[in-house]
Amino acid sequence: MRTPKIYLETTIFNHYFDTDRDSHPATLALFNDIKKGTYKAYTSIYVTDELNKASEPKRSKMLELIREYDIILIAADVEAQNLANTYVNEGVIPLKYQPDGLHIAIATINDIELLISVNYQHINKLKTKTMTGLINLKQGYKPIMIVTPMEIVDDENI
(Lines give C-alpha, C1' and ligand atoms only; values in the text may rest on other atoms or scores of the structure.)
Protein backbone atom coordinates (compact mmCIF):
# COMPACT_ATOMS: atom_id res chain seq x y z
CA MET A 1 0.00 0.00 0.00
CA ARG A 2 1.25 3.47 -0.90
CA THR A 3 1.99 5.90 1.91
CA PRO A 4 -0.34 8.92 1.68
CA LYS A 5 1.37 12.23 0.93
CA ILE A 6 0.49 15.24 3.07
CA TYR A 7 1.40 18.90 2.80
CA LEU A 8 1.96 20.76 6.05
CA GLU A 9 0.90 24.41 5.87
CA THR A 10 2.53 27.02 8.12
CA THR A 11 -0.07 26.90 10.90
CA ILE A 12 0.75 23.27 11.64
CA PHE A 13 4.31 24.16 12.65
CA ASN A 14 2.98 26.92 14.90
CA HIS A 15 0.41 24.67 16.56
CA TYR A 16 3.06 22.06 17.30
CA PHE A 17 4.44 24.45 19.93
CA ASP A 18 1.28 26.38 20.85
CA THR A 19 -0.01 24.35 23.79
CA ASP A 20 -3.02 26.66 24.25
CA ARG A 21 -4.59 25.62 20.94
CA ASP A 22 -7.26 22.94 20.74
CA SER A 23 -5.39 21.46 17.79
CA HIS A 24 -2.10 21.04 19.71
CA PRO A 25 -2.63 17.41 20.85
CA ALA A 26 -3.75 16.32 17.39
CA THR A 27 -0.82 18.16 15.81
CA LEU A 28 1.62 16.27 18.05
CA ALA A 29 -0.13 13.02 17.13
CA LEU A 30 0.17 13.93 13.44
CA PHE A 31 3.92 14.44 13.77
CA ASN A 32 4.15 11.09 15.56
CA ASP A 33 2.32 9.51 12.62
CA ILE A 34 4.82 11.13 10.25
CA LYS A 35 7.69 9.72 12.33
CA LYS A 36 6.09 6.23 12.20
CA GLY A 37 5.76 6.44 8.42
CA THR A 38 1.96 6.63 8.35
CA TYR A 39 2.32 9.69 6.09
CA LYS A 40 5.03 11.10 3.84
CA ALA A 41 5.17 14.81 4.72
CA TYR A 42 5.93 17.72 2.42
CA THR A 43 6.05 21.46 2.82
CA SER A 44 7.30 24.33 0.68
CA ILE A 45 9.71 27.21 0.62
CA TYR A 46 6.71 29.48 1.26
CA VAL A 47 6.27 27.78 4.63
CA THR A 48 9.94 28.26 5.51
CA ASP A 49 9.70 31.91 4.40
CA GLU A 50 6.76 32.38 6.77
CA LEU A 51 8.47 30.48 9.60
CA ASN A 52 11.56 32.66 9.21
CA LYS A 53 9.43 35.67 10.19
CA ALA A 54 8.83 34.22 13.67
CA SER A 55 10.90 35.35 16.62
CA GLU A 56 13.53 33.18 18.25
CA PRO A 57 13.65 30.64 19.76
CA LYS A 58 10.36 29.49 18.21
CA ARG A 59 11.63 30.13 14.66
CA SER A 60 14.54 27.72 15.03
CA LYS A 61 12.37 25.11 16.72
CA MET A 62 9.75 25.21 13.96
CA LEU A 63 12.36 25.01 11.21
CA GLU A 64 14.05 22.12 13.04
CA LEU A 65 10.83 20.09 12.74
CA ILE A 66 11.41 19.92 8.98
CA ARG A 67 14.76 18.19 9.48
CA GLU A 68 13.74 16.11 12.48
CA TYR A 69 10.72 14.61 10.72
CA ASP A 70 12.33 14.31 7.26
CA ILE A 71 9.75 16.62 5.74
CA ILE A 72 10.45 17.14 2.06
CA LEU A 73 10.80 20.77 1.03
CA ILE A 74 9.20 21.62 -2.33
CA ALA A 75 10.35 24.59 -4.37
CA ALA A 76 7.80 26.73 -6.16
CA ASP A 77 7.60 26.80 -9.91
CA VAL A 78 5.72 28.66 -12.62
CA GLU A 79 2.99 26.01 -12.77
CA ALA A 80 2.17 26.47 -9.07
CA GLN A 81 2.33 30.24 -9.36
CA ASN A 82 -0.07 30.18 -12.31
CA LEU A 83 -2.54 27.97 -10.44
CA ALA A 84 -2.32 30.19 -7.35
CA ASN A 85 -2.96 33.23 -9.58
CA THR A 86 -6.07 31.49 -10.87
CA TYR A 87 -7.32 31.06 -7.30
CA VAL A 88 -6.81 34.80 -6.77
CA ASN A 89 -8.33 35.80 -10.11
CA GLU A 90 -11.40 33.65 -9.40
CA GLY A 91 -11.88 35.36 -6.01
CA VAL A 92 -11.11 32.30 -3.90
CA ILE A 93 -7.97 33.68 -2.22
CA PRO A 94 -7.48 37.43 -1.65
CA LEU A 95 -4.46 38.88 -3.49
CA LYS A 96 -2.97 39.99 -0.14
CA TYR A 97 -2.91 36.33 0.95
CA GLN A 98 -1.64 34.78 -2.28
CA PRO A 99 0.89 32.61 -0.36
CA ASP A 100 -2.14 30.71 1.00
CA GLY A 101 -3.09 29.97 -2.60
CA LEU A 102 0.48 28.91 -3.30
CA HIS A 103 0.27 26.30 -0.53
CA ILE A 104 -2.81 24.79 -2.18
CA ALA A 105 -1.33 25.03 -5.68
CA ILE A 106 2.00 23.45 -4.72
CA ALA A 107 0.25 20.55 -3.02
CA THR A 108 -2.06 20.17 -6.00
CA ILE A 109 0.56 20.09 -8.75
CA ASN A 110 2.74 17.71 -6.72
CA ASP A 111 -0.15 15.23 -6.47
CA ILE A 112 -0.32 15.43 -2.67
CA GLU A 113 -3.56 13.97 -1.31
CA LEU A 114 -4.04 16.06 1.83
CA LEU A 115 -3.21 19.62 2.77
CA ILE A 116 -3.13 19.91 6.56
CA SER A 117 -4.03 23.36 7.85
CA VAL A 118 -5.69 25.16 10.73
CA ASN A 119 -5.79 28.42 8.78
CA TYR A 120 -9.54 28.96 8.87
CA GLN A 121 -9.39 32.41 7.24
CA HIS A 122 -8.22 31.54 3.74
CA ILE A 123 -7.39 27.84 3.44
CA ASN A 124 -9.48 25.52 5.58
CA LYS A 125 -12.92 26.92 4.88
CA LEU A 126 -15.80 25.67 2.78
CA LYS A 127 -15.52 28.29 0.01
CA THR A 128 -11.82 27.57 -0.49
CA LYS A 129 -12.26 23.81 -0.40
CA THR A 130 -15.12 23.91 -2.88
CA MET A 131 -13.76 26.49 -5.28
CA THR A 132 -10.17 25.24 -5.43
CA GLY A 133 -11.52 21.76 -6.11
CA LEU A 134 -13.58 23.07 -9.03
CA ILE A 135 -10.71 25.17 -10.37
CA ASN A 136 -8.33 22.22 -10.08
CA LEU A 137 -10.69 20.03 -12.10
CA LYS A 138 -11.15 22.73 -14.71
CA GLN A 139 -7.36 23.09 -14.98
CA GLY A 140 -6.83 19.32 -15.30
CA TYR A 141 -5.76 18.60 -11.71
CA LYS A 142 -7.33 16.53 -8.96
CA PRO A 143 -9.12 18.35 -6.16
CA ILE A 144 -7.08 18.38 -2.98
CA MET A 145 -8.54 17.53 0.40
CA ILE A 146 -7.93 20.27 2.95
CA VAL A 147 -8.19 18.98 6.51
CA THR A 148 -7.13 19.66 10.09
CA PRO A 149 -4.90 17.36 12.14
CA MET A 150 -7.98 16.47 14.21
CA GLU A 151 -9.63 15.00 11.12
CA ILE A 152 -6.89 12.53 10.24
CA VAL A 153 -5.29 11.31 13.46
CA ASP A 154 -6.80 8.48 15.47
CA ASP A 155 -8.47 9.64 18.66
CA GLU A 156 -6.50 7.00 20.58
CA ASN A 157 -3.28 8.85 19.67
CA ILE A 158 -4.40 12.18 21.12
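The values are calculated or read from the model by the stated rules, or taken from the named source; none is laboratory data. Here the structure is a predicted model, which is why all the values come from computation and not from measurement. With ideal geometry, Cβ positions are generated from the backbone for all residues, glycine too; neighbour counts draw on all protein chains shown.
Structure notes:
- Residue match in segment 115-127 (condition: at pLDDT 95 or above, more than 19 Å from Ala26 (Cβ to Cβ) and not hydroxyl-bearing (Ser, Thr, Tyr)): yes
- Per the listing Lys125, Lys142, the residue uniquely touching a residue at least 12 places away in the same chain (Cβ under 8 Å) and of a type in the set (Lys, Arg) is Lys142.
- Checking the stated criteria, Ala54 turns out not to satisfy the condition of being within 17 Å of the chain's Cα centre (by Cα) and among the aliphatic types (A, V, I, L, M).
- Exactly one residue out of Asp20, Asp33 is within 26 Å of Asp154 (Cβ to Cβ), among the acidic types (Asp, Glu) and modelled with pLDDT under 95, and it is Asp20.
- Selected residue (only one of Leu8, Leu30 is more than 17 Å from Ile104 (Cα to Cα), in contact with a helix residue (DSSP H, G or I) (Cβ under 9 Å, 6 or more places away or on another chain), crowded, with 24+ Cβ neighbours inside 10 Å and of a type in the set (A, V, I, L, M, F, W, C)): Leu30
- Remark: pairs (first residue in segment 2-25, touching a residue at least 40 places away in the same chain (Cβ under 8 Å); second residue among the aromatic types (Phe, Trp, Tyr) and part of a helix (DSSP H, G or I); Cβ separation under 7 Å; 6+ apart in sequence or on different chains) = Tyr16/Phe31.
- Looking at Thr108, Thr86, just one residue is more than 20 Å from Asn14 (Cβ to Cβ), modelled with pLDDT of 95 or more and crowded, with 23+ Cβ neighbours inside 10 Å, and that residue is Thr108.
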